[in-house]
Amino acid sequence: MSTVTAGRSTRNLVDLVFRARELSIVAALAVLVIVTVGVNGNFLSEQGVKDIFLNASILVLLAVGQSVVVITRNIDLSVGSVVGLVAFTVGDFLAADHGRGIVFAVVLGVAIGALCGLVNGLLVSFGRVPALVVTLGTLYVIQGVDHYIAHGRQINAVDLPPALLSLGNGTLFGIPYLPMIAVLVMLAVGYYLRSYASGRDFYAIGSSPEAAALAGVSVRRRVMAAYLFSGALAGLAGVLWLSRFGTVVADAANGWELQVVSAVVVGGVAITGGVGTVYGAALGALLLTTITSALVVLKVSPFWQQAITGALLLLAISVDRLLALRVARVLRRRNSRHGS
Amino acid sequence: MVTAPGEGEAPLGPPPDGAPPVLALAGVSKAFGAVQALREVSLNLYAGEAHALAGENGAGKSTLVKTLAGVYRPDTGRVLLDGEPVEFGSPADAQQAGVAVIYQEPTMFPDLSVAENIFIGRQPKAALRRIDRRAMHDRAAELFERLGVALDPEQPARGLSIADQQLVEIAKALSRDARVLIMDEPTAALSGNEVTRLFNVVKALREQGCAVLFISHRLDEIFELCQRVTTLRDGGWIASEPVAGLTHDDLIRRMVGRDLDNLYPKQETEVGEVALKVGRLTREGVFTDVSFEVRRGEIVALAGLVGAGRSEVARAVFGVDRWDAGTVEVNGERLPPASPTAAMSAGLALVPEDRRQQGLVMDHSIERNIGITGLKALRRGPVISRAAERDRARDWAIRLQLKFNRLSDAVNVLSGGNQQKVVLGKWLSTKPDVLIIDEPTRGIDVGTKAEVHRLLSQLAADGLAVLMISSDLPEVLGMADRVLVMQEGRLVAEIPRERATEESVMTAATGGTS
């Protein structure tokens, strides 16, 4: 009987640890918003809130894709470059002929992103090259391709079909499209990861790749799929980037990969895989975006923004590490009592 | 009766009802680099029969298991399923065919719940192929009830005891309706009650028509559970025969195949003062209240089953892991906890169990590997002198009779035995007073093994205090002046050389049940 009660208490403890993460982000958000509003009431104006959500949307999409990859104990650093490449090529494509539809533009963008993801996935899963190196490589290669295509040119909003621009800035019942898309994608992916057998495989792989292989999980195919998905979402994010900003040069979204990874880790997805949810990652993305906006309102130099993001990242992983040690200790105690 | 292995002929007698074996190996060989892990091994597993696989460490049992499980593909020979040749390209194929394996170290997903661990890849589905969590929970609970264990399906697998992890693995096999259940030393880390519980489950499965392959070092368990036994030695097939009519000694003779007394001579040495003194050392949940001394000129063996906490004690003594209570003294001086640097400068050396992961930098050269423990001594001014490094390596290569081409060769091209010599050279060059050596001859061919033993004996004669951890009983009995036996984290017996026998050591290691 003691096993059952001990099991329960362990489970509660572990549950608490994970729920605590999402709760603490919400708490941090609340504190941040309250303090900022205290200094400047305009922070929560309709336009202010809308801006935060619009800015967060693209980061949320990328964080959702990144989470899937990180859960399998891998990483995708190429997403920033993919966004840039897709934003430019799709913009170039639409600017050439206004008759071209935006549905086709979205499909094209997703396809380009998926292709980049495919390359990453093949190299990581079948080439057995460490993910960090592969995606660092593709980050630069894709950037290079982007610059080659752009050749110093710039896509201007006036060249783009109005339908596309209204996707980025229009609303439905007063709610902008972008956050709606991001939330829908997040919910769908979250549900898939939790409730589908193939979704659970991602967690299994990240939790123990050896055990996953022994359990008959097709590790390579799943890792491949994770990169394909992350790439495709980055493609979608690229099209949305174009629709939001209209004006695009070759190095759009340069350096975003680090923000995305930060959002994911702050959101409680373990960088060692197997743990975390896309909801947490999305909250992490929202928190980082809100911090950026708040710093502007608080008239803090933008240079501090990166330092704060970094500090938050360190805090998040320190807390994770401390909690993991704590849990390990409790479990060790329990087993020793149980054993003797 | 012992049947000789004929060419391609199954070594076991006819099945009870004329049906072909559920799963069989026919003349299977498998090599890893220069090491021949299996040579022409045949094995038949019949439905409703528990079959034991016996052999010393390194006899090829685990390789055989992994071949049956689809992890390895045989170099030559075939795997037969219901008498038909079959190729398992992956563990998934073997599982599809109804083969369930419980490994020595259970393979769990620590971050997933127990229920998910059982049903990974085959979760019960609701509409739209969603996972039916409630059904998964209920079925896991049902399995645990059938097994008579109190585990919560929703708790995470992280932190389950080995015994509980094994039960989860068995529940997994049950849930698959496995036709063949393979257990690789399932009882190594279990207590008496847990073993009884496990055996009841396995007997019930066997009666339901499951074929069971059982591996254990505890001979009593083989006699209790199994109808037949196959013995392997050094990768080769020795015998397949009914258990009834065999004695312990018969079985040990087949496993060892040589006279124990003369193989590992340790020279008589003069025992000096205490070099290593461990007092009431405790690491919570790992080992408790461990006290012993090792004197100069002495070889003390630390015996026990896998998972008894021997290597963990060694790691703590050397300062790799922190201890919670107790003291470690070297030459009368107390060591600070958790400091390998202090341990080294006090005169301790640790040759770890896993030389590929912990003992060597595999793609560095021989000379660099040997030099790494004494970089200060190799310095000429601020830089490391290559010449000094080479001199030292050459010196030790000669003393240890290392077989190599050039000292600049990477150590991963050496054989296991020669790699072990490099590790020894690396540590002996620090001129230690106490050498802790974990599994000194694991995975080493017989010839080199004897050399390593001679070397250890010589070192003891020169006044070194040696603490040797070994699962190889003949080695323990042949080499040790005293045998300390650990069981489940506690030191349970100290047996002097005269009274150390296979039986006395195993009895202590298994908790005195035999």
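Among the chymotrypsin sites (Phe, Trp or Tyr not before Pro) within the range A:84-185, which fall in a DSSP loop and have no more than 10 other Cβ atoms within 10 Å of their own Cβ?
A:PHE173
Return, ordered by residue number, the residues of the range B:113-127 whose backbone nitrogen is under 14 Å from a label point located 7 Å along Cα→Cβ of A:ARG221. Of the residues in the range B:113-127, B:121-122 have backbone N under 14 Å from the label point off A:ARG221. For chain B, the 222 nm mean residue ellipticity estimated from helices alone, with every DSSP H stretch of n ≥ 4 adding -39500 (n - 2.57) and the total spread over all residues, rounds to -9000 deg cm²/dmol.
Quick one: net charge of A:GLY238's neighbours, Cβ under 15 Å, K/R +1, D/E -1? Net charge in that neighbourhood comes out at -4. Between B:ARG406 and B:ARG334, the FRET efficiency estimated from the beta carbon spacing at R0 = 45 angstrom works out to 0.55. Placing a label point 7 Å from the Cα of A:VAL296 along the Cα-to-Cβ direction, the residues of the range A:60-99 with a backbone N closer than 19 Å are A:60-61. Estimated at 0.36 nm per residue, the fully extended path between B:ALA377 and B:ASP462 surpasses their Cα-Cα distance by 28.3 nm. Each residue, A:THR247 and B:ASP249, gets one label point 7 Å from its Cα in the Cβ direction; the gap between the two is 9.6 nm. Projected label points at B:ARG129 and B:THR196, each 7 Å from Cα along the beta carbon direction, are separated by 4.8 nanometres.
Peptide A:212-223: average number of partner chain Cβ atoms within 10 Å per residue?
Across A:212-223, the average partner-chain Cβ count within 10 Å equals 4.
Which one of B:LEU151, B:GLY98, B:GLY77 has its Cα pushed farthest toward the positive end of the charge dipole of the range B:40-161, where Lys and Arg give +1 and Asp and Glu give -1 at the Cβ? Value computed over the given set: B:LEU151. With a cut-off of 13 Å between beta carbons, the residues surrounding B:THR373 carry a summed charge of +3, where Lys and Arg count +1 and Asp and Glu -1.
Work out which trypsin sites (Lys or Arg not before Pro) in chain A are exposed loop sites (DSSP not H, G, I, E or B, at most 11 other Cβ within 10 Å) and give the longest gap free of them. Maximal segment without exposed cleavage sites: A:129-298. Dimensions of the range B:134-292 based on its C-alpha atoms, expressed as ranges along the principal axes with the largest first, amount to 68, 45, 24 Å.
Ranked by how many other Cβ atoms sit within 10 Å of their own Cβ, fewest first, the residues A:HIS147, A:HIS98, B:HIS137 fall in the order A:HIS98, A:HIS147, B:HIS137. Note on B:159-167: average number of Cβ atoms from other chains within 10 Å of each residue's Cβ is 4. Its Cα gyration tensor gives the range B:111-159 an equivalent ellipsoid. The semi-axes, each the square root of 5 times an eigenvalue, are 19, 13, 7 Å from largest down. Can you say what percent of the DSSP beta bridges in the protein assembly as shown, counting only those with both residues inside, are antiparallel? Round to 5. Rounded to the nearest five, the antiparallel share is 60 percent. Residue separation of A:SER318 and A:ARG194 scaled by 0.36 nm, minus their Cα-Cα distance, works out to 42.0 nm of gained length. Computed extension length for B:ALA141-B:GLU503: 126.3 nm, one decimal, from 0.36 nm per residue of separation with the Cα-Cα distance subtracted.
Taken over chain B, the alpha-carbon convex hull comes to 167 cubic angstrom per residue. Between B:MET362 and A:GLU210, what is the FRET efficiency for a Förster distance of 25 Å, r being their Cβ-Cβ separation, to the nearest 0.05? After rounding to 0.05, the efficiency reads 0.80.
Would you mind classifying the range A:103-205 by shape? Square roots of the alpha carbon gyration tensor eigenvalues, ordered a ≥ b ≥ c; an a/c under 1.5 is rounded, otherwise it is prolate if a/b is larger than b/c and oblate if not.
It is oblate, given that a/c is not under 1.5 and a/b is not larger than b/c.
Charged side chains reduced to their Cβ positions (Lys and Arg at +1, Asp and Glu at -1) give the protein assembly as shown a dipole of some 1900 debye around its Cα centre. Between A:SER24 and A:LEU132, the simple label model (points 7 Å from Cα in the Cβ direction) yields a spacing of 2.4 nm.
Mean per-residue shielding of peptide B:109-119 is 5, counting Cβ atoms of other chains within 10 Å of each Cβ. For the range B:82-111, the residues whose backbone nitrogen is under 18 Å from a point 7 Å from the Cα of B:ARG73, taken along Cα to Cβ, are B:85-97.
Positive-end ranking of B:ALA59, B:VAL330, A:VAL86 along the dipole of the protein assembly as shown, with charges on Cβ about the Cα centre, is headed by A:VAL86. Within the shell of other residues whose beta carbon sits under 11 angstrom from the beta carbon of A:ARG153, the net charge comes to -2, with Lys and Arg scored +1 and Asp and Glu -1. Along the axis of the charge dipole computed for chain A (Cβ charges of +1 for Lys and Arg, -1 for Asp and Glu, origin at the Cα centre), the listed residues A:HIS98, A:GLY190, A:ILE149 are led at the positive end by A:GLY190.
Computed about the Cα centre, the dipole magnitude for the range B:274-509 is approximately 1060 debye when only Lys and Arg (+1) and Asp and Glu (-1) carry charge, each at its Cβ.
Shape class of chain A from the Cα gyration tensor (axes a ≥ b ≥ c, square roots of the eigenvalues): oblate, since a/c reaches 1.5 or more and a/b does not exceed b/c. If R0 is 51 Å, the Cβ-Cβ spacing of B:ARG122 and B:VAL274 corresponds to a FRET efficiency of close to 0.30.
If a/c stays under 1.5 just call it rounded; otherwise compare a/b with b/c (prolate if a/b is bigger, oblate if not). Do that for the range B:59-99, with a ≥ b ≥ c from the square roots of the Cα gyration tensor eigenvalues. Oblate is the answer for the range B:59-99, as a/c is 1.5 or above yet b/c matches or exceeds a/b. Taken about its Cα centre, chain A carries a charge dipole of about 1680 debye when Lys and Arg each add +1 at the Cβ and Asp and Glu each add -1 at the Cβ.
Only the coordinates and a few stated rules stand behind these numbers; no lab work does. The structure displayed is predicted, hence computed values, not measured ones. Neighbour counts run over all protein chains shown; Cβ positions are idealised from the backbone, glycine included.
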